[in-house]
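Scroll down for the structure; my scribbles are underneath it.
Here, each number is a calculation from the coordinates, and none is a lab measurement. This structure is a prediction, so every number in the text was calculated from the model and none was measured. No Cβ is skipped: glycine too gets one built from the backbone with ideal geometry, and neighbour counts run over all protein chains shown.
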Amino acid sequence: MKNKVTAKRVRREGVNLDGRDKMARILSRRPYAPGVHGPTSRTRTTDYGKQLREKQRAKLVFGIMEKQFRNYFDKATEMKGDTGENLVRLLELRLDNAIFRAGFAKTRAAARQIVSHAHVDVNGEKVDIPSYQVRPGEVISIRTGKKEKKQWKNFTELVQKVETPSWITTDLKELSAKVVSVPAGEELKHVFDPKPIVEFYSR
């Protein structure tokens, strides 16, 4: 089963995993985990449980499964610098996430579908692999043959409502985005904490 963000999972985690207004409203109405005990539940969490929870949150946010997530962690440990920051940076630089950050899609799940359905070029070449790692200087664009599709008719209105991070810029006229740097600092902040994830895999 894919790591799909659902209302039940959002309530279980206690945070808005994909940023949608719909999920924010659900959390506002029922800010407690699902189950028969409802708001009176007082489950105690061990350190291991907390680490596992943060890992699950990260996987849900980016919509990836355990094997791939572990591969990202292993790669992060081989890089210089803080392993937690490296991990988040690798996740942020996925092509589907870059599509989401640029405002081409409302959710990361929708961005994955856009990439998988071959709507995207990177530096003029078709790329249909959501996990493709984008690099500074690369230009992501909607393929010429796809621009007439219905979903891109209101693209300009959609993007204007999105605040893009400093590491990516968009060109509304060309339906494209350019990766100008790598995410850093506050741009690596998420609803999950990478430190317990590092501790989990380092046990």
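Points worth noting:
- Of the residues Ile129, Trp167, Val179, the one whose Cα sits farthest toward the positive end of the charge dipole of the stretch 94-179, with +1 on the Cβ of Lys and Arg and -1 on the Cβ of Asp and Glu, is Ile129.
- Note on Leu175, Leu95: ascending count of other Cβ atoms within 10 Å places them as Leu175, Leu95, the fewest first.
- ³J(HN,Hα) computed for each position of the stretch 79-88 - Karplus, 6.51 cos²θ - 1.76 cosθ + 1.60, integer Hz, glycine/proline x: 8, 6, x, 6, 4, x, 5, 4, 4, 5
- Centre-to-centre, using Cα atoms only, the stretch 98-116 and the stretch 120-154 are separated by 10 Å.
- The order of the peptides 195-201, 145-151 by mean Cβ neighbours within 10 Å, most packed first, is 195-201, 145-151.
- A straight chain from Lys80 to Lys147 at 0.36 nm per residue would run longer than the Cα-Cα distance by 20.1 nm.
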